[in-house]
1. Hey, if we sort I51, I8, I77, I64 by accessible area with the 1.4 Å probe, largest down, what's the order?
2. Counting only heavy atoms of the protein chains, get the accessible area per residue of the chain (1.4 Å probe) and round it to a whole Å² value.
3. Sorted by packing (mean other beta-carbon atoms within 10 Å per residue), highest first, where do 54-61, 37-44 land?
4. Sort I65, I9, I3 from largest to smallest accessible area, using a 1.4 Å probe on the heavy atoms of the protein chains.
5. With Cβ to Cβ distances under 13 Å as the rule, what net charge do the other residues near G27 carry (K, R +1; D, E -1)?
6. Give, in whole angstrom and from largest to smallest, the semi-axes √(5λ) of the equivalent ellipsoid of segment 5-55, with λ running over the eigenvalues of the Cα gyration tensor.
7. Once every DSSP H run of n ≥ 4 in the chain is given -39500 (n - 2.57) and the sum is divided by its residues, what mean residue ellipticity at 222 nm do you get, rounded to the nearest 500 deg cm²/dmol?
8. With all protein chains present, how much of the accessible area of the chain (probe radius 1.4 Å) comes from carbon and sulfur, to the nearest whole percent?
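The values are calculated or read from the model by the stated rules, or taken from the named source; none is laboratory data. Predicted model, so just to flag it, every value in this text is computed and none were measured. Every residue, glycine among them, receives a Cβ derived from its backbone with ideal geometry; neighbour counts consider all protein chains shown. Please note that ligands, DNA and RNA were not included when accessible areas were found on the heavy atoms of the full protein model with its side chains. Shrake-Rupley method; radii C 1.70, N 1.55, O 1.52, S 1.80 Å.
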Amino acid sequence: MGIIGSIIIGCLAGFCAGKLMKGGGFGFIMNLVLGLFGGALGGWLFSQLGIQWGGVLGQLGTAIIGAVAILWIASLIKK
């Protein structure tokens with residue numbers, strides 16, 4: 001997948017993670033930005049664990065998990 005596709009997946013993951021997190025995350029734009037970083041974190045973490053999900057849905061799931069982790073960490077720092 002190209003860079004544009006990865007950005008779209010990351011933004012979508014940030015949006016979904018914001019909806020999943022209690023309190024809605026940090027606002028629409030910040031959730032999208034954190035989703036981009038979360039997608040990278042999720043991809044790196046899963047590759048370290050030897051886990052691979054195929055296709056766009058697998059990438060989206062990986063990115064959502066990473067984005068939720070980033071939003072959770074950011075909420076701990078915000079407190």
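1. On the way: I51 70, I8 105, I77 135, I64 35 Å².
Ranked from most to least accessible, the order is I77, I8, I51, I64.
2. On a per-residue basis, the chain sits at 64 Å².
3. 37-44, 54-61
4. On the way: I65 75, I9 20, I3 125 Å².
I get I3, I65, I9, largest accessible area first.
5. Values: positive: K19, K78; negative: none.
After counting each charged neighbour, the total is +2.
6. Result for segment 5-55: semi-axes of 21, 11, 9 Å.
7. One gets -28000 deg cm²/dmol as the mean residue ellipticity at 222 nm.
8. Carbon and sulfur together cover 74 percent of it.
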